[in-house]
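Here's the structure, in structure tokens; my notes come after.
The values are calculated or read from the model by the stated rules, or taken from the named source; none is laboratory data. Everything numeric in this text was worked out from a predicted model, so none of it was measured. Because the Cβ atoms are built from the backbone with ideal geometry, glycine has one as well, and the counts that use them run over all protein chains shown. Heads up: the accessible areas ignore ligands, DNA and RNA and are worked out on the full protein's heavy atoms, side chains in. Shrake-Rupley method; radii C 1.70, N 1.55, O 1.52, S 1.80 Å.
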Amino acid sequence: MPSPESTVIRALLARGTTGWVSGADLAKKLSVSRVAVWQYFEKLRAAGFTLETRRARGYRLLAPPPHAHAGLIEAHLKIRPRDFTLTVLEETDSTNDEAARQLAAGRPAPFAIVARRQTKARGRLGRPWHAPQNGNLYVSFAFRPHLEPARMNPFTLWMGLNLCELIANATPLQPGLKWPNDLLLDGRKVGGLLTEARVDADQIRDLVFGLGLNLNSPASSWPAELAPRAVSLAELTGAPLDFNRLTAAVIGRILLAYQRFLDGDHVKTFADLWHRFDVLRGRDVAVLEGNRRHPGTVLGVDDDGALLLKDSAGRTQRFRAGEVTLEKPAA
Ligand code: BTN
């Protein structure tokens, strides 16, 4: 049975920002007093919903909260596996670490953890990820896939491609994916992906997929060293996005993409999406592998998600991991 809060939120969403929700109707539907209904709305107001109240008409949603709200994300979720659960935290060290701790403590998967801010967020290679409360999305998904580790190789790229398609559909923007885990817009980083797995002898025990997506941070909020390289969706669309609606879309898409990956249903779409969103094909790059630098021209990726590079001798080299730097701008 839906909770009273979710019934109230769904009623508000169904009316949009112009229609009114009648307190009397809600009281009848929930079998509670009108005072109890008023208290539900007051709770939403305290949680950041901007509401208008009029005696004869009821309640109207003027603006949703600009930050993560669990009930609102749930109400926006269109598809969800029955066993999926969501937690929204005010603050945590790293949503990836929190998800790993909860997996280790036995929380049933799949679940997702969204935090409004992180104090020790990590990127690849242990680099820090800037994660104050600035309107951006920090989320980690926890799964128990029971697959051989090698099957997971293209997982992060597959997720990145799904996110690119979601952004392309939800906004007028043209995102790209820079192997292996950078979401780019306008040549700047709009998001990063971090997959971490615990592996038993021949099976993945559990897996955490973390996403930092710059939704609404203003340009002025970046520290000086990040400002030239980072961008948010709102900076480019020119208006803030509905955080909870977009977060629900991201969660729905990731859960669907995960299921397709498990079913092996991703193979054909992978190539199509890769052609559409890959930003490196044909570019002269250098792949840094530890201290070694490998210059070459990017040919693409193989089915396993490894980067294929043609070196100066015309040989194809294959990289499972590494850091890519562009040698010169695209012609
Ligand atoms: C990268 O580009 O290097 C990956 C960045 C991943 C950042 C996200 S934010 C949510 C999750 N929690 C973390 O500590 N990291 C990931």
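Here segment 134-198 has 48 percent of its accessible surface on carbon and sulfur atoms, given a 1.4 Å probe and all protein chains in place. The helix-only estimate of mean residue ellipticity at 222 nm for the chain, built from DSSP H runs of length n ≥ 4 each weighted as -39500 (n - 2.57), is -9500 deg cm²/dmol after division by the residue total. Relative to the Cα centre, the charge distribution of segment 148-224, modelled as +1 at Lys and Arg Cβ and -1 at Asp and Glu Cβ, gives a dipole magnitude of about 240 debye. Measuring nothing but protein heavy atoms, the accessible surface of segment 207-319 at 1.4 Å probe radius is 51 percent carbon and sulfur. A simple charge model with +1 on the Cβ of Lys and Arg, -1 on the Cβ of Asp and Glu and nothing else charged puts the dipole of segment 11-131 at about 340 debye relative to its Cα centre. Charges were assigned to the Cβ only: +1 to each Lys and Arg, -1 to each Asp and Glu. The resulting dipole of the chain about its Cα centre is roughly 920 debye. The residues of segment 243-308 expose on average 46 square angstrom of accessible surface per residue, using a 1.4 Å probe on protein heavy atoms.
For segment 101-107, the Karplus equation 6.51 cos²θ - 1.76 cosθ + 1.60, evaluated at θ = phi - 60°, returns couplings of 5, 5, 4, 5, 7, x, 4 Hz by residue, with Gly and Pro reported as x. In segment 1-141, taking the dipole from charged Cβ atoms about the Cα centre, the farthest positive-side position among ALA63, PRO81, GLY126 is held by ALA63. Across the chain, the volume of the C-alpha convex hull divided among the residues equals 154 Å³ per residue.
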